[in-house]
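Written below as structure tokens is the structure these notes are about.
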Amino acid sequence: MKVTVFGSGYVGLVTGACLADVGNSVCCVDIDENKIQRLLQGDIPIYEPGLDRVVLDAVASGDLTFTTDAKKGIEHADVIFIAVGTPPQEDGSADLQYVLAVADTVGQHINDYKVVVGKSTVPVGTCDKVEATVAAALKKRGVDTPFAVVSNPEFLKEGNAIEDFMKPDRIVVGTDDERAMKRMSELYAPFNRSHNRVMFMDRRSSELTKYAANAMLATKISFINELSRIAELVGADIENVRNGIGSDPRIGYQFIYPGCGYGGSCFPKDVTALKQTAEEYGYHADLLNAVENVNARQKLTLVEKIKSFYGDDLTGKTFAIWGLSFKPQTDDMREASSRVIMEELWAAGAKTRAYDPAAMEETQHIYPNQPNLSLCGTKEAALKGVDALVICTEWKSFRSPDFDVIKESVADNVIFDGRNLYDPEAMADKGIKYYAIGRGLSLAKA
């Protein structure tokens, strides 16, 4: 099948590459000429494990091409994916200008039946707006070319996007157009070999499903983080509590890991956008507001522990920061807890020495002239001359460090762990002062 994907960012590039990997002829369109040139030269502009191999193989086979020519892309396609950005506006609602700009472009150039697929995460009712925009452009041309607009939200986890696309839990498709259903079923057939994962539903339900999924996961994270605060107050260990409730199959273990807050490009933006959608319909979403508030407070929990240990004035103190990305296996620092923590430390007069396996370049881009930030080439280098170690991201390489090196390098022999990587009693046995999330009982023993 011939597929065109508008937008060569994270979602668009993964979608295009994976569809090309199974033999479709895919053309990725982007208005950013620099990005297209980089892609044509085999330079992948985003960090995602395995993506470079899939892209380069598909380009070499001729199944994946890149262009800035929208007309060429539209004429190429049986199916057109819209995978452009929907950044939050000041009120938290999603900005649809790029989605609707693509829809207008489609309407200017289609000459035969096309399926137009909304892949970007968008508010409920966006497909209706896309349909109206395409129709208006066709009317302006004086033609009545048939088309269908379909909702097909992505459920990709950063760091595992290729696996998620190739072996999806579900493929949600919102449409009542039978011709579009047939075409989408054909497109996704290679990913349905063991059993059918396609779920057809109406467009608005499909659009809401995406927001609902991310809001539910964010709620689980904020719930366990709220419990971690209570655990510290009552002298319980949140890790024991997590195991106790996670063993219940109705709850499960996924997304109930306490930490220093969630971040990234999806959860914060989507919870806010869903809350804003509810407000537009006259409903105040109390639970979603609570999820946001708990998360904002949780990002400060390590700073609170640090100030409890040292006092509010951190002038003259230097902290090693392990982990800058919002989660492992990505260089994405959007809404990352590390940013809040470092900025609070700087404001209190401290300096930081930071290391991340993937996000060093992104950190330099965000903080190009920050005098209180030193970026280090290894996690060990980040420890040199520091008073304490702060862990913000649970990269595997941080799980079993050389604690003798930590003791030798960290002046005050203290770790503030925002991801509960270590056992408090083991840290006490090593003579390391250890402050984690919600581990009141174990901390008391230490």
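Quick look at the values:
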quantity: Sequence-distant residues sharing a close amide H with Val390 (under 5 Å, placed H); calculated: Ala320, Ile321, Trp322, Phe416
quantity: For the chain, calculated [θ]222 nm from helices alone, where every DSSP H run of n ≥ 4 adds -39500 (n - 2.57); calculated: -13500 deg cm²/dmol
quantity: In degrees, nearest ten, helix 97-109 long axis to first principal axis of the chain (Cα); calculated: 20 degrees
quantity: Whole-angstrom gap from segment 284-333 to segment 1-74, using each part's C-alpha centre; calculated: 36 Å
quantity: His284 - accessible surface, heavy atoms, 1.4 Å probe, Å² rounded to 10; calculated: 100 Å²
quantity: Spin-label model distance (nm) - Leu40 vs Asn240, 7 Å beyond Cα toward Cβ; calculated: 6.3 nm
quantity: Greater than 19 Å apart at Cα, pairs in Lys317/Lys407; Lys317/Lys396; Lys71/Lys210; calculated: Lys317/Lys396; Lys71/Lys210
quantity: Cα-centre dipole for the chain with unit charges at Cβ (Lys and Arg positive, Asp and Glu negative), debye to 20; calculated: 380 debye
quantity: Segment 213-442, relative contact order in percent, only Cα pairs under 8 angstrom and at least six apart counted; calculated: 24 percent
quantity: Degrees separating the helix 51-61 axis from the principal Cα axis of the chain, which is the longest one; calculated: 30 degrees
quantity: Amide hydrogen neighbours beyond the local backbone of Cys28, cut-off 5 Å, H modeled; calculated: Val5, Thr65, Phe66, Thr67
quantity: Solvent exposure of the chain as accessible area per residue, Å², 1.4 Å probe; calculated: 44 Å²
quantity: Rounded to 10°, Cα long-axis angle of helix 267-280 versus longest principal axis of the chain; calculated: 60 degrees
quantity: Choice from Ser222, Ser120, Ser194 with maximal GNM fluctuation in the chain (Cα, 10 Å cutoff); calculated: Ser194
quantity: Karplus 3J(HN,Hα) series, Hz, for segment 240-245 with 6.51 cos²θ - 1.76 cosθ + 1.60 (x for Gly, Pro); calculated: 5, 5, 4, 5, x, 7
quantity: Extension reserve of the His195-Lys384 stretch, reckoned as 0.36 nm per residue once the Cα distance is removed; calculated: 62.7 nm
quantity: Sites Leu233 and Arg179, calculated FRET efficiency, Cβ-Cβ separation with R0 51 Å, nearest 0.05; calculated: 0.30
quantity: Accessible area of segment 74-198 belonging to carbon and sulfur atoms, whole % at 1.4 Å probe; calculated: 46 percent
quantity: Anchor Lys2: aspartates and glutamates whose Cα lies under 15 Å away (excluding residues fewer than 8 positions away in-chain); calculated: Asp21, Asp63, Glu75, Asp78, Asp112, Glu186
quantity: Cut-off under 5 Å, modelled amide H: who pairs with Leu373 long-range; calculated: Thr352
quantity: Label point 7 Å beyond Cα of His365 along Cβ direction - residues of segment 63-80 with amide nitrogen under 13 Å; calculated: none
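The values are calculated or read from the model by the stated rules, or taken from the named source; none is laboratory data. These figures come from a predicted structure and were not determined experimentally. When we count neighbours, we look across all protein chains shown, and the Cβ atoms used for this are built from the backbone with ideal geometry, even at glycine. For accessibility, only protein heavy atoms count, side chains too; no ligands or nucleic acids. Shrake-Rupley method; radii C 1.70, N 1.55, O 1.52, S 1.80 Å.
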